[in-house]
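Worksheet: the structure to be examined is printed underneath.
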Amino acid sequence: MTDEGGMWGEDYFLGEMPSREDTIPEAEFLMEALELTAEDRVLDVACGAGRHAQLLAERGPRVVGVDLSLSLLKRAQALNSAALFLRADMRALPFFGAFDAAVCLFASFGLLGQKGDQAALASICAALAPNGIALIETWNPYAAAQLEGRRNWWRAGDALYLAEAQFDALEGKARDARIVMPLRGAARSWTRETRFYTAPELRAMAESAGLRPMRWFGDFDGSPYAADSPRLIAAFEKVRSS
């Protein structure tokens, strides 16, 4: 995640976070796609409240989750999981050659601007051991473009959440506006801007960081990536020291 701010606190956890039940198939996909074993060391980059790190650690791998949001890290640590959680910036991870695999999930990649995203890829590559695997999961940009003008609302806890999305086709960015209206207290709002890269763009960025494309998926069911896939999930292998 990005640094501490309004959208990365309780509102985000209560109103945005998928459940443990929804996350189980994703964790099982990661175990299979990355061929993880109990001997592997896994880094969960922008881990948020630790929902993936928790489930991966329960399946055997040694997992470290990193995020900048103190609020979300406190949630992760409260799970009493086998995973270790640390505060760190994904653009400057404090690890070198330490992990067999790294994951960056839930469209966390794309929040930092192209320069920041490129720095994050280089930092993830540096954290990997030789031939380590990095897996990036984000929305398919062609699917994200369909969000233009979409509005939605839902209730979570004691608050009503209102959402409106816009997509800038020239920049490949989605702007996702939120208004939180609690039953008591003042309304709160924020806007999240995410860059969604095409497969060729992501491949070029990864190769520049020292990562070689291995596999492309269109969703957590393991289906191949295509123009109509809901997600773009890419696995890259580290090909040189960083």
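Points to keep in mind about this one:
- Filter pass, Arg188 being touching a helix residue (DSSP H, G or I) at 6+ places or on another chain (Cβ under 8 Å) and among the basic types (Lys, Arg): yes
- Within region 84-99, tally of residues that are among the charged types (D, E, K, R), open to solvent by less than 50 Å² (accessible area, probe 1.4 Å) and assigned to a strand (DSSP E or B): 0
- Applying the condition of being more than 15 Å from Arg20 (Cβ to Cβ) and touching a residue at least 40 places away in the same chain (Cβ under 8 Å) to region 62-83 and asking which residue is surrounded by the fewest Cβ atoms within 10 Å (Cβ to Cβ) yields Leu70.
- Scanning region 138-161 for residues that are surrounded by 14 or more Cβ atoms within 10 Å (Cβ to Cβ), out of contact with any helix residue (DSSP H, G or I) (no Cβ under 7 Å at 6 or more places or on another chain) and of a type in the set (Phe, Trp, Tyr) yields Trp139, Tyr142.
- Number of the exception - Trp190 against (1) under 21 Å from Ala46 (Cα atoms); (2) in a strand (DSSP E or B); (3) at pLDDT 90 or above; (4) not small (Gly, Ala, Ser): (3)
- Residues being at positive phi and free of Cβ contacts under 8 Å to residues at least 24 places away in the same chain - total across region 126-153: 1
- Residue that is most open to solvent (accessible area, probe 1.4 Å) [pool: residues in region 173-187 that are among the aliphatic types (A, V, I, L, M) and in a loop (DSSP other than H, G, I, E, B)]: Leu183
- Candidate set: region 101-137, residues that are open to solvent by 10 Å² or more (accessible area, probe 1.4 Å), within 18 Å of Asp168 (Cα to Cα) and of a type outside the set (Gly, Ala, Ser); chosen: the one farthest from the chain's Cα centre (by Cα): Gln114
- Of the set (1) among the aliphatic types (A, V, I, L, M); (2) open to solvent by 50 Å² or more (accessible area, probe 1.4 Å); (3) in a strand (DSSP E or B), all apply to Leu170 but (3).
- Pair list, Cβ < 6 Å and 6+ apart or interchain, from region 26-45 residues that are on the phi < 0 side of the Ramachandran plot to residues that are hydrophobic (A, V, I, L, M, F, W, C) and in a loop (DSSP other than H, G, I, E, B): Glu26/Phe220; Phe29/Phe220; Val45/Met90
Residues checked against (1) open to solvent by 60 Å² or more (accessible area, probe 1.4 Å); (2) at negative phi; (3) under 18 Å from the mean Cα position of the chain (by Cα); (4) among the aliphatic types (A, V, I, L, M):
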| position | (1), (2), (3), (4) |
| --- | --- |
| Pro200 | yes, yes, no, no |
| Arg203 | yes, yes, yes, no |
| Ala206 | no, yes, yes, yes |
| Arg215 | yes, yes, yes, no |
| Phe220 | no, yes, yes, no |
| Pro224 | yes, yes, no, no |
| Arg231 | yes, yes, yes, no |
| Phe236 | no, yes, yes, no |
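- Ala144 under 15 Å from Ala209 (Cβ atoms) and small (Gly, Ala, Ser): no
- Scanning region 157-194 for residues that are of a type in the set (Lys, Arg) and in contact (Cβ under 8 Å) with a residue 24 or more places away in the chain turns up Arg178, Arg184, Arg188, Arg192.
- Some residue of region 46-55 being surrounded by fewer than 23 Cβ atoms within 10 Å (Cβ to Cβ), modelled with pLDDT of 95 or more and on the phi < 0 side of the Ramachandran plot: yes
The values are calculated or read from the model by the stated rules, or taken from the named source; none is laboratory data. No experiment lies behind these values; they were computed from the predicted model shown. Heads up, the Cβs are rebuilt from the backbone with ideal geometry, glycines too, and the neighbour counts pull from every protein chain shown. For the accessible areas, the whole protein counts, side chains as well, though only heavy atoms, and no ligand, DNA or RNA atoms are used. Shrake-Rupley method; radii C 1.70, N 1.55, O 1.52, S 1.80 Å.
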